[in-house]
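Written out below as structure tokens is the structure these notes cover.
The values are calculated or read from the model by the stated rules, or taken from the named source; none is laboratory data. Every value quoted in this text rests on a predicted model; they were computed, and no experiment measured them. Note that we place each Cβ from the backbone using ideal geometry, even for glycine, and neighbour counts take in every protein chain shown. Just so you know, the surface numbers come from the protein's heavy atoms only, side chains and all, with ligands and any DNA or RNA stripped out. Shrake-Rupley method; radii C 1.70, N 1.55, O 1.52, S 1.80 Å.
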Amino acid sequence: MYSEKELVKECLCDNAKAQEEFYKRYAPKMYGVCLRFAKNRMEADDILQEGFIKAFANLKSFRNEGSLEGWVRRTIVNTAINHVKKFAKYKKDLDIDTAEPVQKMSSSVVDTISVNELLKLIKDLPIGYKMVFNLNVMEGYTHREIASLLDISENTSKSQLSRARHTLQRKVNELYGIDRS
Amino acid sequence: MSNKDINIDDLFRNAFENFEVDPPEHVWGNIQKDMQGNNRGSGKTFPKGGILGISVILVLSSLFFIYQTNNSVSEVVDSAKIALNTDIDNIETLLPEYKSGENEKSNMASFNGQSLSEKGVIDISVSSINAESLGKRGTDAMIVKEKPIKEVAMEVNNNTALNPNNNELSSGNSSGEVENELDDIEGDEGQAGFGDDSDLLAMGGSGNVHSDVKASAPIPEESFEQTPIVEMLETEEADEIASGDVASPELKNDYGKKGDLYFGLYFTPEVIFYPSDINTTNKSYSLDLNMTYKFSSYLLQSGIGVMSSSDDGQSKVDFEKYLGSYEDVYDITFDTTANGVVPVYLTNTVDVYDSVQHVTVTPTKNKYTYLQIPVLFGYTEEFRRFSWFVKGGPSLSLMVNEDISSVNLENDNNRIVNVDSEVPARIKMNWQIILAGGVTYKLGNHVSIGVEPMMRFYMKSAYEQNSIQTKHPYSFGIRSGIIVNF
């Protein structure tokens, strides 16, 4: 088992074993990321494949300063953004919704929700909501950064996030019969 | 999960924090295939492909030149044979009027009776040019021994061509061998002076020539010096003929039909179209040096050029914000002095960055330089000072330099974690098909200018297939340049 540095070095030397280990080490987690961005498994497969090809091609630009996993994750997320952008148009003129306080749920409810159910909720979101929610909530991008990446305004990004949250909240409530009051 | 209430964001964050799913096996298979394909297509095998392409071009060009040169020599030899036979026939025809004895006639007849091709050989001396009759009194006439047959052929041709009205012919000394001296071939306009062989070309139908035509030891054709015909025309008179100032249609045609070598320096701005999802266009500029070989109405062109192109785009930069620095004490020592114990702190300056990664998008401009090697075939026609042509053929394009623009952040102290360029990577080698047509204008005897609209069709995408899906790009450009021939 290679350390991160060794793994990078061996992959750069076209060591097939190291490349396979690189893939096996990070692919499961990255596939989880892809599934959140993609609308189906087939698209997730494409994003994962394209993302890893880019990762191998650009591995020489990894400076060993941050974590390798974080670097691969960034590559996958960027690939997912590009992939989704190819097939989607964003509404750029949405107004900001009035921000409503986010409803809190008890941990007992949370414990009963499976990851797959949550994944399905994300997948069912409109593509704009899904992208902004994933990038902001799950990946930690600011609205300004999201605006740059998706070629939308910051206000649109905020609006989309707000709508995404409400949609998800409503669906979770419906699913588990939680009273909003 | 904590016992306290959590909001929707935390619900999803916590749920997906360690979310892992095994991807299907075929994904890794596809990645492997793709990486192997890339290595084959562009990276490591680039030199092999390039070398192979250049080798093929060079070999084809060499074979073609050899073929053409052999043809030229054969044509010259054939024309020499025909010309000599023709002249000798003329001599025989005219001989009865000027014959001075039976010996000459029989010698001439016996000479004429053996065709040059039957002999397979020819050693011909042109000698005894009567210096007096040529206006070069007091100097020896030029005597050329064992001249290449083509030169002699030209001279005889010229005599025939330039003195169509010769009506005086006398045979002089007979050496007893097959030796014929043609005396006093006079034109209607009297005598003309000339100093060397090539002047014969410019006599314009006047002048006296005495020549001995001697057949002796065989000389293999291979030993013929392959002197370009152009060399024979490097006098002022020849230039005049070449430029059309002196009427000599036979010579001009001969000149035009032999192979000619032209060198051209061209500049070409082009607009490249990429038919793809992004439907973008691009510009490029080329400077190339070409060599063109013209034979009859056809041309073969090759050379070497440098093309510069660039891609505008943007890069997504992941970076960590620089927040400041502090002095980290990594060791401490205590020095005892007269005033007591003094601590000495050994420190390092440590930069502090935001733990949250940020992303920004910056514009980039990547520049690429290509080496281009075209091999074009074409057809050309001349009229007066103009000529037009059409040509086409393959061109090998090799990337020799790429200048990827660096990323500039607002604060230089920020730490770049990753740069993801949206500008797709270009492939290292590409084959293209070039189609062009144009005109040249002759400024002088050796210098022309030319302009030619051209189209270039890329045999495959100029970009890595993984990064962008493009069909075959194509470009339109206008080449203009200066052409020199020697």
Report yes if some residue within region B:322-334 is of a type in the set (A, V, I, L, M), more than 22 Å from B:Phe273 (Cα to Cα), in contact with an Asp or Glu (Cβ under 8 Å, 6 or more places away or on another chain) and within 14 Å of chain A (Cβ to nearest Cβ); otherwise report no.
-> no
Which members of region B:336-355 meet the condition of being open to solvent by 70 Å² or more (accessible area, probe 1.4 Å) and closer than 30 Å to A:Glu154 by Cα?
-> B:Ser355
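Filter region A:38-48 down to the residues that are buried (at least 22 other Cβ atoms within 10 Å of the Cβ) and within 7 Å of another protein chain (Cβ to nearest Cβ) and list them by number. Quick ask: steps written out before the conclusion?
If we filter region A:38-48 for residues that are buried (at least 22 other Cβ atoms within 10 Å of the Cβ), which is where we start, we get A:44, A:47-48.
Correct list: A:Leu48 only.
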Filter pass, B:Asp354 being more than 28 Å from A:Val137 (Cα to Cα) and part of a strand (DSSP E or B) = no
Is at least one residue of region B:465-478 touching a Ser or Thr at 6+ places or on another chain (Cβ under 6 Å) and farther than 30 Å from A:Ile76 by Cα?
-> yes
Of a type in the set (Gly, Ala, Ser), crowded, with 17+ Cβ neighbours inside 10 Å and modelled with pLDDT of 90 or more, is that true of B:Gly437?
-> no
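Would it be correct to say that A:Asn136 is surrounded by fewer than 21 Cβ atoms within 10 Å (Cβ to Cβ), at the interface with chain B (Cβ under 10 Å from one of its Cβ atoms) and either under 25 Å from A:Lys29 (Cβ atoms) or modelled with pLDDT under 90 (or both)? Write out each step before concluding.
Working: surrounded by fewer than 21 Cβ atoms within 10 Å (Cβ to Cβ): no; at the interface with chain B (Cβ under 10 Å from one of its Cβ atoms): yes; either under 25 Å from A:Lys29 (Cβ atoms) or modelled with pLDDT under 90 (or both): yes.
No; evaluated as a whole, the condition is false for this residue.
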Of A:Phe52, A:Phe37, A:Phe56, the only residue that is in contact (Cβ under 8 Å) with a residue 40 or more places away in the chain, under 23 Å from the mean Cα position of the chain (by Cα) and within 30 Å of A:Asp124 (Cβ to Cβ) is A:Phe37
Subset of region B:356-391, residues within 14 Å of chain A (Cβ to nearest Cβ) and either basic (Lys, Arg) or open to solvent by 60 Å² or more (accessible area, probe 1.4 Å) (or both), comes to B:Val356, B:Pro363
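Scan region A:143-167 for residues that are out of contact with any strand residue (DSSP E or B) (no Cβ under 7 Å at 6 or more places or on another chain) and free of Cβ contacts under 8 Å to residues at least 40 places away in the same chain and report the count. I'd like the intermediate steps shown before the answer.
Step one: of region A:143-167, the residues out of contact with any strand residue (DSSP E or B) (no Cβ under 7 Å at 6 or more places or on another chain) are A:143-144, A:146-147, A:150-167.
Filter again for free of Cβ contacts under 8 Å to residues at least 40 places away in the same chain, leaving A:143-144, A:146-147, A:154, A:157, A:161, A:164.
Qualifying residue count for the region: 8.
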A:Ile76 is checked against (1) facing chain B (nearest Cβ under 10 Å); (2) open to solvent by less than 20 Å² (accessible area, probe 1.4 Å); (3) under 20 Å from the mean Cα position of the chain (by Cα); (4) in contact (Cβ under 8 Å) with a residue 24 or more places away in the chain and fails just one. What number does that condition carry?
-> (1)
In this structure, is A:Gly32 at pLDDT below 85, out of contact with any Cys (no Cβ under 8 Å at 6 or more places or on another chain) and facing another protein chain (nearest Cβ under 7 Å)?
-> no
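If we scan region A:56-70, do we find a residue that is of a type in the set (S, T, N, Q), closer than 22 Å to A:Tyr129 by Cβ and at pLDDT below 85? Lay out the reasoning, then the answer.
We begin by selecting, within region A:56-70, every residue of a type in the set (S, T, N, Q); these are A:58, A:61, A:64, A:67.
Within this subset, residues satisfying the condition of being closer than 22 Å to A:Tyr129 by Cβ are none.
The answer is no, given that none of the residues of region A:56-70 is of a type in the set (S, T, N, Q), closer than 22 Å to A:Tyr129 by Cβ and at pLDDT below 85.
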From the list A:Glu154, A:Glu145, pick out the single residue that is out of contact with any Phe, Trp or Tyr (no Cβ under 7 Å at 6 or more places or on another chain), farther than 22 Å from B:Glu20 by Cβ, among the charged types (D, E, K, R) and more than 12 Å from chain B (Cβ to nearest Cβ).
-> A:Glu154
Filter region A:51-69 for residues that are more than 7 Å from chain B (Cβ to nearest Cβ) and open to solvent by 10 Å² or more (accessible area, probe 1.4 Å) and give the result.
-> A:Lys54, A:Ala57, A:Asn58, A:Lys60, A:Phe62, A:Arg63, A:Asn64, A:Ser67, A:Glu69
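Being open to solvent by less than 50 Å² (accessible area, probe 1.4 Å), closer than 30 Å to B:Ser355 by Cβ and modelled with pLDDT of 85 or more: is that true of A:Ile122 here?
On the way: open to solvent by less than 50 Å² (accessible area, probe 1.4 Å): yes; closer than 30 Å to B:Ser355 by Cβ: yes; modelled with pLDDT of 85 or more: yes.
Judged against the criteria, A:Ile122 is a match.
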Got at least one residue in region B:457-474 being more than 30 Å from A:His83 (Cα to Cα) and at pLDDT 80 or above?
-> no
Which number in (1) open to solvent by 20 Å² or more (accessible area, probe 1.4 Å); (2) within 14 Å of another protein chain (Cβ to nearest Cβ) marks the one condition that B:Val423 misses?
-> (1)
Taking region B:391-409 and keeping residues part of a strand (DSSP E or B), more than 18 Å from B:Tyr458 (Cβ to Cβ) and over 18 Å from the mean Cα position of the chain (by Cα) leaves B:Asn401, B:Asp403
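Starting from residues that are out of contact with any Pro (no Cβ under 6 Å at 6 or more places or on another chain) and open to solvent by less than 20 Å² (accessible area, probe 1.4 Å), keep the ones in region B:393-404 and report whichever is nearest to B:Ser480 (Cα to Cα). Step through it out loud before you land on a result.
First pass over region B:393-404, keeping only residues out of contact with any Pro (no Cβ under 6 Å at 6 or more places or on another chain): B:393-394, B:396-404.
This time we only want the ones that are open to solvent by less than 20 Å² (accessible area, probe 1.4 Å), so: B:393, B:396-399.
Values: B:Gly393: 18, B:Leu396: 20, B:Ser397: 20, B:Leu398: 23, B:Met399: 23 Å.
Top of the filtered list is B:Gly393.
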What pairs come up if the first residue lies in region B:11-32 and is under 12 Å from A:Phe52 (Cα atoms) and within 7 Å of chain A (Cβ to nearest Cβ), the second is basic (Lys, Arg) and surrounded by fewer than 19 Cβ atoms within 10 Å (Cβ to Cβ), and their beta carbons are under 9 Å apart, counting only those six or more places apart or on different chains?
-> B:Trp28/A:Lys24
For B:Asn430, which of the numbered conditions (1) assigned to a loop (DSSP other than H, G, I, E, B); (2) closer than 18 Å to B:Ser284 by Cα fails to hold?
-> (1)
